[in-house]
1. LEU447 fails exactly one of the following numbered conditions: (1) in contact with a His (Cβ under 8 Å, 6 or more places away or on another chain); (2) closer than 21 Å to PHE13 by Cβ. What is the number of that condition?
2. Tally time: how many residues in region 42-93 are touching a strand residue (DSSP E or B) at 6+ places or on another chain (Cβ under 9 Å) and on the phi > 0 side of the Ramachandran plot?
3. Kindly check whether there is at least one residue in region 120-142 that is more than 22 Å from the chain's Cα centre (by Cα) and closer than 17 Å to GLU191 by Cα.
4. For region 320-337, enumerate the residues that are farther than 27 Å from TYR30 by Cα, in a strand (DSSP E or B) and out of contact with any Ser or Thr (no Cβ under 6 Å at 6 or more places or on another chain).
5. I'd like the full set of residues that are hydrophobic (A, V, I, L, M, F, W, C) and either in a strand (DSSP E or B) or surrounded by 14 or more Cβ atoms within 10 Å (Cβ to Cβ) (or both), limited to region 382-427.
6. What are the residue pairs meeting all of these: first residue in region 348-376, first residue polar (S, T, N, Q), second residue assigned to a helix (DSSP H, G or I), Cβ atoms under 9 Å, and 6 or more apart or on different chains?
7. Restricting to region 75-101, give me the number of residues that are in a loop (DSSP other than H, G, I, E, B) and charged (D, E, K, R).
8. Consider region 48-72. How many of its residues are without any contact (Cβ under 8 Å) to a residue 24 or more places away in the chain and loosely packed, with under 15 Cβ neighbours inside 10 Å?
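The values are calculated or read from the model by the stated rules, or taken from the named source; none is laboratory data. In this text, all values refer to a predicted model and were calculated from it rather than measured experimentally. Reconstructed Cβ throughout: ideal geometry from the backbone, glycine too, with neighbour counts over all protein chains shown.
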Amino acid sequence: MEELVALCKRRGFIFQSNEIYGGLQGLYDYGPLGVELKNNLKQSWWREMVFDRDDVEGLDASILTKPSVLKFSGHEDTFTDPLVDCKDCKSRWRADQLKSENCPSCGSNNLTEPRPFNLMFKTSVGPVEDNESFAYLRPETAQHIFTNFKNVVDSTSKQLPFGIAQIGKAFRNEITPRNFVFRVREFEQMELEFFVTPGTDEQWHESWVEARLNWWNEQGVSRNSLELYHVPKDELAHYSKATVDIMYKFPHGLEELEGIANRTDFDLGSHSKNQSELEIHSSVMENNESNARLAIQDQETKSWTVPYVIEPSAGVDRGVLAVLNEAYKVEELEDGKSRTVLNLKPHLSPIKAAVIPLKKNHEGLVKIALNIKQDLQKLRLGRVLLENSGNIGKSYRRHDEIGTPLCITVDFNTLDDGTVTIRDRDTMQQRRIDISELPKYLESLILN
């Protein structure tokens, strides 16, 4: 973990938030390369979940959440962790994560009794701060999907099965944030709520587990690094009929990367029962008729169904950490030296190609390199970088370390014959190709 943290700071992937003021625990900022990697991972998820399917729609809902939404979803009553304080060193800990009855910081056994600690952040809404004028920062992205269920159905005419996907920020006031970006207070989730006919939910649950395993493998996370954990009934969340966690071997140990839950009809049913109190719809229907419920009507039978929900939910930050950890390698070379390399999948790489003039500031070489960079950038495959450093060896090593899959060297032969040297990150093999072949070569590398 220490090597990954050092790499992330040195190369501009991830920084401690508010660092110049001493930092703020559990918060991190993504730097120039980190934001590209993070966006690429999210885009890959969105393509898989939305673009490649005709049965999923997207959503981008608000972060501020009305308290009644989280009251009827069960979060106000259940979204807590057991908190204990050390009376001697004043540190605070989650009681369920203590390995003994002693304080991990000072070793004292002078601990308070566990008490529930609400994980949800509150913020005031409007000009007056009081107990009535507040909202929560959403602890998950799912609830806004459920409260928008009728809006999506009415505007798209979807029939079961179908899903609503969302990527967005969530906030949890963790007692003990830890392990770099694994457990933090502000994070992003990639969540799909997939609505199915009751009775088909167990089959859909199994198929989504397999689909998510395959997707992580396509992101470079080996199946050998993943395990499935079938959550025991006494550990299930209050809304879950069954949950399978995809566990990854992080540097600090085996932990959850993604959870796939069978939420039954808990959420839609809960919000439907309290329709008037939640004030989701402006009209109140007589006798609570079905068109005021979060349900879907079969176009042939005209019967109404409250769907069951299968929820694959993954943390973006945990995904970035897993992808970095899986890709990070230190390789011994034949000359006795070593190189650090990130074997990122090309579609995830922050920089897709680096164009490097052999001689710094050489007018002819730099002009050709700039033209190549601009032509490749027009492909919209991701960021292409012109690196006018003049030290080809150091440039290769730097781009190995940040995961750039392709380096393109413009040298003096280029001036004569219009060819360039391309170097593969993983094999370090080099060969010359004509400049006109570069767009097709890069497309093949990134898209395959």
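1. That leaves (2) as the condition not met.
2. Residues in region 42-93 being touching a strand residue (DSSP E or B) at 6+ places or on another chain (Cβ under 9 Å) and on the phi > 0 side of the Ramachandran plot: 0 in total.
3. Of the residues in region 120-142, the ones more than 22 Å from the chain's Cα centre (by Cα) are 122-135.
In the following step, the residues that additionally are closer than 17 Å to GLU191 by Cα were identified as none.
Looking for residues that are more than 22 Å from the chain's Cα centre (by Cα) and closer than 17 Å to GLU191 by Cα, one finds none in region 120-142, hence no.
4. Taking region 320-337 first, the residues farther than 27 Å from TYR30 by Cα are 332-337.
Now restrict to residues that are in a strand (DSSP E or B): 332.
Correct list: empty.
5. Residues of region 382-427 hydrophobic (A, V, I, L, M, F, W, C): 384-386, 392, 402, 406-408, 410, 412, 415, 420, 422.
Selection gives VAL384, LEU385, LEU386, ILE392, ILE402, LEU406, CYS407, ILE408, VAL410, VAL420, ILE422.
6. From region 348-376, the pairs are SER349/GLU36; SER349/LEU37; SER349/ASN40; SER349/ILE402; SER349/ILE446; ASN371/ILE435.
7. Within region 75-101, the first condition is being in a loop (DSSP other than H, G, I, E, B), and the residues that meet it are 79, 87-91, 98-101.
Narrowing further to those that are charged (D, E, K, R): 87-88, 90, 99, 101.
So the answer is 5.
8. Our first condition is that a residue be without any contact (Cβ under 8 Å) to a residue 24 or more places away in the chain; within region 48-72, this holds for 51-52, 54, 71.
Filter again for loosely packed, with under 15 Cβ neighbours inside 10 Å, leaving 51-52, 54.
Within region 48-72, residues that are without any contact (Cβ under 8 Å) to a residue 24 or more places away in the chain and loosely packed, with under 15 Cβ neighbours inside 10 Å number 3.
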